[in-house]
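The values are calculated or read from the model by the stated rules, or taken from the named source; none is laboratory data. Just so it is clear, the structure is predicted and the values come from calculations on it, not from any experiment. No Cβ is skipped: glycine too gets one built from the backbone with ideal geometry, and neighbour counts run over all protein chains shown.
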Amino acid sequence: EELELAGHDHFMHKEIHEQPSSVERMLGGRLDDRFGSARLDGLRMELRELRGFRRVKVLGCGSAYYVGQLGATLIEDLARVPADAEPASEFRYRNPVIEPDTLYVAVSQSGETADTLFAVREIQRKGGRVVGLVNVVGSSIARQCDGGIYLHAGPEVSVASTKALTHMAVGFALLALALGRVHDLSHADGARILAGLQALPGQIAEILADEAGIAEAGRRLADARSLFFIGRVRGYPVAREAAQKFKEITYRHAEAYPSSELKHGPLALIDADLPTVAVIPDDDLVERNLAAAHEIRARGGRLTVITHPGVDLGDLEADRITVPRNERELDPILLTIPTQLLAYHAARALGEDIDRPRNLAKSVTVE
Ligand code: AGP
């Protein structure tokens, strides 16, 4: 019965709305209050082994890669272990150097993406250790990995992924916490992140309760032939995933840039016909992000801003979407939620086939 629409018009909409309860389910039993850490038995790793990794490399395709970028930032933030993400589809073809003290992380909803599976095999062939962040239990990638974290998002039918991506981000937070607590993350900071994780389901529900306002902003974006999504540092992977979602189901050209890169080229394209969705969290970069937004307005570009309650937009003319604050490391998870609804409602206004976009398959199992 989980595969029925349950009163929603599309699976994508149903899956977006499942997130508060699915995230709560995912966290169940994995939060270790006593040590301010995460309980991840599925990694099949002793604490001492976990402590031995000096680098983390994340591999995934498409949206899983974008969330992987977010995950790498989380790992660097919490564990202070150098981490980066790369498309598995590139990695597997470039004869990568495999290091014994690097923890490789393969991330996939379906667990059947051919490029990611081959990347895992390539790493293992050269002696590397790979853990999986996978949704589908018993899938090829889940079986191939040396251990992992199941995402427990439940079945995802919509080709455009939503809840599985949120679960990947939460999975990275758990992994970052576990890695952090065997490196330099204090018990107090671990407890702070645990509290942030526990707050997520309620805060996602709060964002979804504001769907009418987000839908209105989404419909206003539907008439654009081309759009920019911008964000800085933690906000950049949010912008990348938001652009991906938008192009998958609206067939509009949507491109993500780091806000800091605008003046190095893309600003030339801004005019009244090219709207921008800007991710502006209430963090130490807020003034810089607001300055970029003003640059866009000064050139006649329309703006939709995804931000926090404390951020004063002043005289900046923009559609404002406000999400609750969490811990700064976890904020990107919440900033992504409205972008799912923006894409959904724009595509709906355009009358597109939301659950089965043209030219795309739910999982790419062939090369
Ligand atoms: C997401 O909306 C996309 N349909 C796509 O980029 C997807 O994330 C990618 O193909 C990876 O799939 P996987 O998570 O099943 O490996």
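Quick test of your reading of the structure: Glu206 fulfils all but one of (1) assigned to a loop (DSSP other than H, G, I, E, B); (2) away from the ligand (no atom under 16 Å from the Cβ). Name the failing condition by number.
For Glu206, the failing item is (1).
Can you tell me which residue within segment 103-149, out of those that are charged (D, E, K, R) and within 13 Å of Gly42 (Cα to Cα), is surrounded by the fewest Cβ atoms within 10 Å (Cβ to Cβ)? Even if it seems obvious, please write down each step before you answer.
First, pick out the residues of segment 103-149 that are charged (D, E, K, R): 112, 115, 121-122, 125-126, 129, 143, 146.
Subsequent filtering for residues that are within 13 Å of Gly42 (Cα to Cα) retains 143, 146.
Working: Arg143: 13, Asp146: 16.
Filtering segment 103-149 for residues that are charged (D, E, K, R) and within 13 Å of Gly42 (Cα to Cα), the one surrounded by the fewest Cβ atoms within 10 Å (Cβ to Cβ) comes out as Arg143.
Every residue, every condition in (1) free of Cβ contacts under 8 Å to residues at least 12 places away in the same chain; (2) within 16 Å of the ligand (Cβ to nearest atom), yes or no:
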site	(1), (2)
Leu5	yes, no
Met12	no, yes
Leu27	no, no
Gly36	no, no
Gly52	no, no
Asp84	no, no
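Taking the condition of being in a loop (DSSP other than H, G, I, E, B) and either β-branched (Val, Ile, Thr) or away from the ligand (no atom under 16 Å from the Cβ) (or both), how many residues in segment 115-138 meet it?
Matching residues across segment 115-138 total 5.
Looking only at segment 153-169, filter to residues that are buried (at least 24 other Cβ atoms within 10 Å of the Cβ) and of a type in the set (A, V, I, L, M, F, W, C); which one of those is modelled with the lowest pLDDT?
Ranking the candidates gives Ala160 first.
Would you mind telling me which numbered condition in (1) free of Cβ contacts under 8 Å to residues at least 12 places away in the same chain; (2) in a helix (DSSP H, G or I); (3) away from the ligand (no atom under 15 Å from the Cβ) Tyr93 fails?
Evaluating Tyr93 over (1) free of Cβ contacts under 8 Å to residues at least 12 places away in the same chain; (2) in a helix (DSSP H, G or I); (3) away from the ligand (no atom under 15 Å from the Cβ) leaves (2) as the failure.
From the set of residues in segment 54-71 that are of a type in the set (Val, Ile, Thr) and within 16 Å of the ligand (Cβ to nearest atom), which is surrounded by the most Cβ atoms within 10 Å (Cβ to Cβ)?
Taking segment 54-71 first, the residues of a type in the set (Val, Ile, Thr) are 56, 58, 67.
With within 16 Å of the ligand (Cβ to nearest atom) added as a condition, the list becomes 58, 67.
On the way: Val58: 27, Val67: 33.
My answer is Val67.
When you scan segment 248-262, do you find a residue that is surrounded by fewer than 16 Cβ atoms within 10 Å (Cβ to Cβ), touching a residue at least 12 places away in the same chain (Cβ under 8 Å), assigned to a loop (DSSP other than H, G, I, E, B) and within 16 Å of the ligand (Cβ to nearest atom), even just one?
yes
Which members of segment 269-319 meet the condition of being closer than 20 Å to Tyr236 by Cβ and assigned to a helix (DSSP H, G or I)? Break it down stepwise before answering.
Step one: of segment 269-319, the residues closer than 20 Å to Tyr236 by Cβ are 269-270, 274-296, 301, 303-308, 311, 318.
Once the filter is applied, which keeps residues that are closer than 20 Å to Tyr236 by Cβ and assigned to a helix (DSSP H, G or I), segment 269-319 yields Leu269, Val286, Glu287, Arg288, Asn289, Leu290, Ala291, Ala292, Ala293, His294, Glu295, Ile296.
Taking Asp189 and the conditions (1) within 18 Å of the chain's Cα centre (by Cα); (2) more than 16 Å from the ligand (Cβ to nearest atom); (3) acidic (Asp, Glu), which numbered condition does it fall short on, given that it satisfies the others?
Failed condition: (1).
Count, please, the residues in segment 22-50 that happen to be in a helix (DSSP H, G or I), surrounded by 14 or more Cβ atoms within 10 Å (Cβ to Cβ) and either at pLDDT below 95 or not basic (Lys, Arg) (or both).
Number satisfying all stated conditions: 8.
Going by the conditions given, is Thr365 outside any loop (DSSP other than H, G, I, E, B), closer than 30 Å to Leu174 by Cα and within 16 Å of the ligand (Cβ to nearest atom)?
No; evaluated as a whole, the condition is false for this residue.
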